[in-house]
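The structure under discussion appears below in the form of structure tokens.
The values are calculated or read from the model by the stated rules, or taken from the named source; none is laboratory data. Quick caveat: nothing in here was measured; it's all calculated off a predicted structure. FYI the Cβ positions are ideal-geometry reconstructions off the backbone, even for glycines, and counts take in every protein chain you see.
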Amino acid sequence: MEYTLLKGIDSPADLRRLPRTELRKLADEVRAFVLESVSKTGGHLGSNLGTVELTVALHYVFNTPDDRLVWDVGHQTYPHKVLTGRRDRMPGLRQIGGISGFPRRDESEYDTFGTGHSSTSISAAHGMAMAFKLKGEDRRAVAIIGDGSMTAGMAFEALNNAGVAHGGLMGDLLVILNDNDMSISPPVGALNKYLARLMSGSFYAAARESAKSVLKNTPLYEFARKFEEHTKGMVVPGTIFEEFGFNYVGPIDGHDLDSLIPTLENLREKKGPQFLHIVTKKGAGYKLAENDPVKYHAASGKFDPAVGFVKPATPPKTTFTQVFGDWLCDMAEADPRLVAITPAMREGSGMVEFHKRFPQRYHDVGIAEQHSVTFAAGLACEGIKPVVAIYSTFLQRAYDQLIHDVAIQNLPVLFALDRAGLVGADGATHAGNYDIAYTRCIPNMAVLTPADEDECRQALYTGFMHNGPVTVRYPRGAGVGIVPVKAMTAQAWGKGEVRRQGQRIAILAFGTLLYPALEVAERLDATVANMRFVKPLDAELVAELARTHDVIVTVEDGCIMGGAGSAIVEALNAAGLGVPVLQLGLPDEFVEHGDPAKLMSLCGLDAAGIEASIVKRFGTKPTVVRAVGR
């Protein structure tokens, strides 16, 4: 495609100089460019195709970047990036050294708030709007939030706060609900387009305020208010947002620029909290994505847009997520007490088959991580055995519930922590770097780190059978290819195992880093222990290895600070054993997006990096003066 208009757009200021009649053509070019770009790099697809017209309209109507656009989650901001001077950088999307797949404040002045997790946009935009008021600046803040993100309590907390005045000040905030969970039905056609323009316009607002002043303090006032509320409620689902103090407009077709632009222009001029409900279609303009929005949510790699996603000729290795999904079905078949919970990640957590087979025992609670944990606690109180399938990075959002509602009461809830460690292209917001540190410090909590696919299955079974809270963490993608044994056998609780006997150096491995550790051990003739448990830690094994080796090396794919290596040091101190310890793990910094294997190499956690760190610290034949009392 020629991209005749798009090639002249290097900033939103260029877009705003176009005649309105050209915007439809520009939107078509942006959509084609995003499809072509993602087909070469991979990344989120359907959501970005669905926000093209909205992005064009927002940058056309609002004076960005002075007016602030805050995108929720942010995986739908590729059109925004294309129109804000990053078109030429799209070939490096989500790659080392390239631009992020999410908004980042250090990447562009148009990325006003960094995102990655959902349901933060209204809070952030409300804060910006209030800051403008406090500074006396005539600027606007716009939060763009999806219908999925509106399932989170934080979004409603923000609405509740933004709809009232604070010290006489009220921010000029516009919340746009991008509703892509339905098709454009008849009520969202000509009638609603007319009503939206009418309700957002100055005549309606002036008439409304005049009627208020005339009827104030009369018996007719309350009648008129309720009549307006319920009349609007018959054709628009906005009553709940009006109760929060917002002026509700919509729903309107989010792909119709002739409707979007005048409505946004009207709302831009209005003061106080405004709420615009638009309806869009995921994958809009690309039939394959329109027909299967779940499949085309994101592309894992390159594809031919004319053909779409195709299955690889060689079947991929079984992933840890698939291991979990298979175990979940098998465990549910064996134990009718099992109930599975996910905060809106059915596909990502491998629960599609479970949902089909056990619909009454499957609960998708929406993007509500806090609720998912306390809901599980309630189930556990009544003899149910809940399994919460949740990404490591998302469990962070429910930390209080993890401690207060589960651990203090010592309830038997199993947390299957997917995406532990680095996740690659999604970057720092999605990386599961901290779960070892933030779970092992909680009393009653057990932490299991399986090394491969079979250990993952057995660790899940072990955790499920334990009468207390347990996390089983596993990474994104496939392991080394160990086929899980069908039979489920509980591992010895809190016990590790020596996988290779060597001399001088003892490498204590947690999780999938067992296998590069074994590779290193062959070259250095080191002992390798597969620790399996971070908590309860096998303190006897740690002490034995400390007494029989000169140095200890710990390896983990989590943060070093407070991680599994720290647990080893604590155990050695408690036993009075003074042996040098080298802790290898993720550094005290946010690791950027990129290919996971390359990132692990850059962090020194591949076999070559582990070996280099050991040799640098201890040499190939470490000689260490033993501490007094050994």
Residues Ala389, Ala376, Ala380: which one is of a type outside the set (S, T, N, Q), in the same structural domain as Thr462 (by TED's automatic domain parsing), in a helix (DSSP H, G or I) and under 24 Å from Ala437 (Cα atoms)? Ala376
Residues that are under 28 Å from Val365 (Cβ atoms), at pLDDT 90 or above, in a helix (DSSP H, G or I) and out of contact with any His (no Cβ under 9 Å at 6 or more places or on another chain): does the stretch 127-145 have at least one? yes
Gln360 passes all but one of the listed conditions (1) within 30 Å of Ile482 (Cβ to Cβ); (2) without any contact (Cβ under 8 Å) to a residue 40 or more places away in the chain; the exception is number (1)
If you go through Leu513, Leu508, Leu518, the only one that is hydrophobic (A, V, I, L, M, F, W, C), closer than 18 Å to Ala612 by Cα, in a strand (DSSP E or B) and touching a strand residue (DSSP E or B) at 6+ places or on another chain (Cβ under 8 Å) is Leu508
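Collect the residues in the stretch 346-357 that are surrounded by fewer than 20 Cβ atoms within 10 Å (Cβ to Cβ) and touching a residue at least 40 places away in the same chain (Cβ under 8 Å), keeping them in residue-number order.
The answer is Glu347, Gly348.
For the condition touching a Phe, Trp or Tyr at 6+ places or on another chain (Cβ under 6 Å) and in the same structural domain as Leu174 (by TED's automatic domain parsing), what is the one hit in Leu69, Leu49, Leu58, Leu83?
Details: Leu69 fails: touching a Phe, Trp or Tyr at 6+ places or on another chain (Cβ under 6 Å); Leu58 fails: touching a Phe, Trp or Tyr at 6+ places or on another chain (Cβ under 6 Å); Leu83 fails: touching a Phe, Trp or Tyr at 6+ places or on another chain (Cβ under 6 Å).
From the options Leu69, Leu49, Leu58, Leu83, the qualifying one is Leu49.
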Just checking, which of Arg87, Arg68 is basic (Lys, Arg) and modelled with pLDDT of 95 or more? Arg68
Restricting attention to the stretch 582-608, report how many residues are more than 27 Å from the chain's Cα centre (by Cα), crowded, with 18+ Cβ neighbours inside 10 Å and either assigned to a loop (DSSP other than H, G, I, E, B) or free of Cβ contacts under 8 Å to residues at least 40 places away in the same chain (or both). 2
Looking only at the stretch 454-470, which residues are within 24 Å of the chain's Cα centre (by Cα) and touching a residue at least 60 places away in the same chain (Cβ under 8 Å)? Cys456, Leu460, Pro469
What do you reckon, is Leu411 surrounded by 19 or more Cβ atoms within 10 Å (Cβ to Cβ) and touching a Ser or Thr at 6+ places or on another chain (Cβ under 8 Å)? no
Scan (1) out of contact with any helix residue (DSSP H, G or I) (no Cβ under 8 Å at 6 or more places or on another chain); (2) farther than 28 Å from Lys25 by Cβ for the single condition Asp88 breaks and write down its number. (2)
Tell me the strands (runs of 3 or more DSSP E) entirely within the stretch 527-573 that contain at least 2 residues that are touching a Lys or Arg at 6+ places or on another chain (Cβ under 6 Å) and in contact (Cβ under 8 Å) with a residue 60 or more places away in the chain. 533-535
Name the residue that is farthest from His297 (Cα to Cα), counting only residues in the stretch 387-442 that are touching a strand residue (DSSP E or B) at 6+ places or on another chain (Cβ under 8 Å) and charged (D, E, K, R). Arg440
Which one is nearest to the chain's Cα centre (by Cα) among residues in the stretch 569-581 that are more than 20 Å from Ala526 (Cα to Cα), among the small types (Gly, Ala, Ser) and surrounded by fewer than 18 Cβ atoms within 10 Å (Cβ to Cβ)? Ala574
Has the stretch 44-62 got at least one residue that is without any contact (Cβ under 8 Å) to a residue 60 or more places away in the chain, assigned to a loop (DSSP other than H, G, I, E, B), under 30 Å from Ser601 (Cα atoms) and within 26 Å of the chain's Cα centre (by Cα)? no
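Taking the conditions exactly as written (closer than 18 Å to Arg523 by Cα and either assigned by TED's automatic domain parsing to the domain that holds Gly116 or among the aliphatic types (A, V, I, L, M) (or both)), does Ala597 satisfy them or not?
No; evaluated as a whole, the condition is false for this residue.
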On the basis of being under 16 Å from Gly427 (Cα atoms) and part of a loop (DSSP other than H, G, I, E, B), does Ser118 make the cut? yes
Test Glu53 against the stated conditions and say whether it is farther than 17 Å from Gly74 by Cβ and surrounded by 23 or more Cβ atoms within 10 Å (Cβ to Cβ). yes
Scanning the stretch 558-568 residue by residue, those within 16 Å of Pro536 (Cβ to Cβ) and either surrounded by fewer than 24 Cβ atoms within 10 Å (Cβ to Cβ) or in the same structural domain as Tyr434 (by TED's automatic domain parsing) (or both) turn out to be Ser566
Please go through the stretch 281-314 and give me each residue that is buried (at least 17 other Cβ atoms within 10 Å of the Cβ), of a type in the set (Ser, Thr, Tyr) and over 22 Å from the mean Cα position of the chain (by Cα), ordered by number. Tyr286
